[in-house]
Structure formats: structure tokens, C-alpha cells
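Structure record follows, encoded as C-alpha cells.
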Amino acid sequence: MLRENQRRFKFDWLTIILFLLLVGFGYLNILSASHDGDIVNYFDTSQLYGKQLIFIGLTFVLIVLILSFEAKFYERFASIIYLVALLALVGLFVFGKEINGARSWYAIGSMTLQPSEFAKFATALAVAKYISDLQTNMQTIKDQLRVVAIIFVPALLILLQNDAGSTIVYLSFFFVFYREGLQQIYLIVALSLIILAVLALKFGMVLTAIACLIILILRYFLRKKKRSSILQYLLVLGVAIGFSYGVKLFYEHGLKVHQQNRISLWLRLEKDPVKLERMKKDEAYNLIQSEQAISSGGLTGKGFLQGTRTTGKFVPEQETDYIFSTVGEEWGFLGSSFVVLVFVLLIIRVLYLAESQKSQFSRVYGYGVASILFVHFTINIGMVMGLIPTVGIPLPFFSYGGSGLWGFTILLFIFIKLDSNKINEW
């Protein structure tokens, strides 16, 4: 009995330490971004940092609850957890509260709960459950379409709530599929379509079509193996041109004005200086203030609670989506590098543990955890630094909010529980 209990509580403490570092350092930066310059009362629940302290306290209760279940519970009830998450998303269309144009929250008294944050771990469980089924073969189109449907349903529900940022995160499962045997051609096609979309918006249809034609001609003449027919190359060219035209059409007529402006600023599409300045004051205001805050931090930063741009509330949404700008201003390049390093170490550690799993369910779920964290981390920091278009998604374990913190905690600690049970797997 003692030996079984020792096995049961053999958790990966390195992963837990990295988690604690992110949550702790995140709280310090939420405190900086939300305090009003007066003496700090850490338990003042009228302030965001006071509320976040409550969220963190409840997080540890949640961790104990997650780790108290048997590891097999999560595999056995993965489908039910997924269905509950879908029902919670559907319920938002009737009972949801609209904030900043998105109907993504349930109002519970003075607090709100965002189901999309919990749908991520539920979808990761469902994907792991389906792929690990003995009858599933990821080499077949039928099973590929079914697992894509598992991801598509919650992503569509979230998109219909006008939360495009959270929808993008579901693309992270592509990395999971690739690890589980998805053919390389899918990766090549996905990257090609992304490049085509950027080229079509940046250089227009004519230059994009010419570039595609040149690439196909070079491939035809340089290929040493048996060449495909010219008709196949013409078909690929037609599809590429059609896709490019569709992207252009969707950009001009499918996106809202503020979404068009964000992409336009990112790709530097606007040539009219007057309109460009107006766009910078509107859509790019957050980004410009964020970049100025980060650059003002220098090497070592201005010091904790000493960031003038942070204290002056120059950066909107600084406690949530733009929390990394606080790190840049008050902790400088060294502090920012520390945060990036901890995130990278956490993702690498999860991948390492995922590869060591004896159960395919645990391995697939581990890759899902790493992929979701990677996409959130990359997009959020890239957005704050102007490397990618502005997309409203939080920095895991760092940004203010109970739903985000709890959602990511559940996501990670389910895997920690699964990993602690691998010694009992056969």
C-alpha cells in the first residue's frame, strides 16, 4: 500500500516549479499594471490585483481537486467533459454577457466566467481520446475528418461569439496530428497557403500568380524523379490563384474594418499617410504604447512598481493581453528574457514528458498541452511586440483573469496527473 501511494504522488516537480514561477511573476506584473500609485493593500478586492490573489488561492484548491482524481478518470470521461464544454459554449448564445463586442462570458454576480478557456482542455482530452482509440487510424481520410470535426465544433461556436483570437488557438492541434502520423503533405500545404495569403495581400494577384508560375516551372524542370503531367501543374496553379483571389475577397468583404486595419498595419499595406496616421491612433494605439513601454525598460528595467508608462495607464488592456509590456518596462530585457526562457522550458518539459508516456492517450494529450501553450505564448508576445497582427488572447498563467488562469491550470495539471501514473501503465 505504501508503495502504491508513493507512485501515486510522484509528480514532476520541475513542471510544477515552472508553473509557480509564471503565476508568481505574473501576479507581480498584474499588481504593477493595476495599482493606482497609492500604498498597496494586497487584499483589496476592489482592485484587480486583489481579485487576482483570490483567483490564485482558488487555483491551488483546484490543483488539489485535479490531482485527487485517478488518472484514468480523465480518459474514461473525456467525451462527457467535451460535451459539457460544448453545452457551456452553446448556452452563451442565450445566457451570455457581451463584453467588448464578444458574447463569451457568463455573469455570476460581479464576476464573469469564460467557457472558451475551459473548452481548450476539454477538446484536448477529446482529441486524445479519439486518436488513442484502437480503431482510429490517422492515415485514413475518414478518421482525419472526424478528429478535425472534434476541433471544428468548439472553434466554430467560439467564432460565432465574435472571439476570433480564441478560435485561432484551435489550429495548434495541427502539431498534435503531425506527431501522430499525419502525412507531411498536409504541413507543406498549410505553410504554402499561409505564404500565398500573405503574398496575395502584400503584392496583389498578378505578382502572386507570376511567383506561383515561376516556382512550378522550376519544380517541373528540376525534379529528377518521374515528372507529373503538365495538367497537374496547371491544376495546382489554378488552385493557388483561386485561393489567393478568395483571400483578397475575404479580406475586403469578410473582415470588419478594425480587422482589416490591423492586417494592413502589420503588412504595411496602407499608402495614404493621412489614413495611416488615423489607423495608428485607433487600431495601433495599444501596440504603439506597448512598444514604447517595452523599449523604455532598457536592459534591466525601471524597477518594480516604477514603470511610468505602466503607472500612467498609457497601455490599454495592460493587465490582460498586454501584460508583457509591463515586464518589458519594469524588468527590462533581462526580465523579459527570463519570462521567455521559463515558457520555453515549460513547453520543452511537457514535450519531453509526453514522449516518455507509455499510454498514447497521455502522449497525445501532452502534445495538446504543449501546442496550446506554445500558440498562446507565441501569438501574445508576438502581438505585444508588433511581430504579428493584434489578436486578443491572454498570456498563459500571466494575464489577469480567473477563467484563463483556471483553464490553463486544469490543462497543465491533468497532464501532470497523467504523467504521475505512467509508472503504472503497461
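The values are calculated or read from the model by the stated rules, or taken from the named source; none is laboratory data. If you're wondering where the values come from, they're calculated on a predicted model, not measured in any experiment. Counting neighbours? That spans all protein chains shown, and the Cβs are built from the backbone with ideal geometry, glycine included. Quick note on the areas: whole protein, heavy atoms, side chains included, nothing else; ligands and nucleic acids left out. Shrake-Rupley method; radii C 1.70, N 1.55, O 1.52, S 1.80 Å.
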With charges set only on the Cβ (+1 for Lys and Arg, -1 for Asp and Glu), what does the dipole of segment 278-419 come to about its Cα centre, in debye to the nearest 20? 120 debye
Using a Gaussian network model of the chain whose springs link C-alpha atoms within less than 10 Å, name the residue from Phe408, Phe203, Phe324 with the highest mean-square fluctuation. Phe203
Extending each Cα 7 Å along its Cβ direction at Thr140 and Asn162, get the distance between those two points in nm, one decimal. 4.3 nm
Surface accessible to a 1.4 Å probe, per residue, for the residues of segment 120-240, Å²: 60 Å²
Checked segment 169-217 with the C-alpha gyration tensor, a ≥ b ≥ c its square-rooted eigenvalues, rounded below a/c of 1.5, otherwise prolate if a/b is larger than b/c and oblate if not; verdict oblate
Of the candidates Phe398, Ser356, Ile158, the farthest towards the positive dipole end of the chain (Lys/Arg Cβ +1, Asp/Glu Cβ -1, centred on the Cα centre) is Ser356
Shape metrics for segment 287-422, restricted to C-alpha atoms - Rg then Dmax, Å: 16.5, 52
Linear extension gain, Met205 paired with Phe95, 0.36 nm per residue minus alpha-carbon span: 35.2 nm
Charge dipole of segment 81-226 built from unit charges on the beta carbon (Lys, Arg +1; Asp, Glu -1), centred at mean Cα; most positive-end Cα among Val176, Gly101, Thr140 is Thr140
Full-extension gain between Leu65 and Leu387, please, as 0.36 nm times their residue separation minus the C-alpha to C-alpha distance. 112.0 nm
Along Cα→Cβ, 7 Å out, is where each label goes; now give me the distance between the ones at Thr300 and Ile217 in nm to one decimal. 6.0 nm
Suppose R0 equals 45 Å. What FRET efficiency, 1/(1 + (r/R0)^6) with r the Cβ-Cβ distance, do Ser229 and Asp133 give to the nearest 0.05? 0.70
Can you tell which of Gly366, Leu346, Leu334 lies farthest toward the positive end of the dipole of segment 306-373, using +1 and -1 charges on the Cβ of basic and acidic side chains (Lys, Arg; Asp, Glu)? Gly366
With all protein chains in place and a 1.4 Å probe, Ser362 shows an accessible area in Å² (nearest 10) of 0 Å²
Using a probe of 1.4 angstrom, how much of the accessible area of the chain is carbon and sulfur, in percent? 68 percent
If you roll a 1.4 Å probe over the heavy atoms of the protein chains, what accessible area per residue do you get for segment 293-425, in Å²? 32 Å²
222 nm [θ] for the chain, helices only, -39500 (n - 2.57) per DSSP H run of 4+, per residue, to 500? -23500 deg cm²/dmol
Only Lys, Arg (+1) and Asp, Glu (-1) charged, at Cβ; the chain dipole about Cα centre in debye: 1660 debye
Might you report the magnitude of the Cβ-based charge dipole of segment 146-233 about its Cα centre, with Lys and Arg at +1 and Asp and Glu at -1, to the nearest 20 debye? 700 debye
Which whole-number percent is the relative contact order of the chain (Cα, under 8 Å, 6+ apart)? 26 percent
Where is the GNM fluctuation largest for the chain (alpha-carbon springs, 10 angstrom cutoff): His258, His376, His35? His258
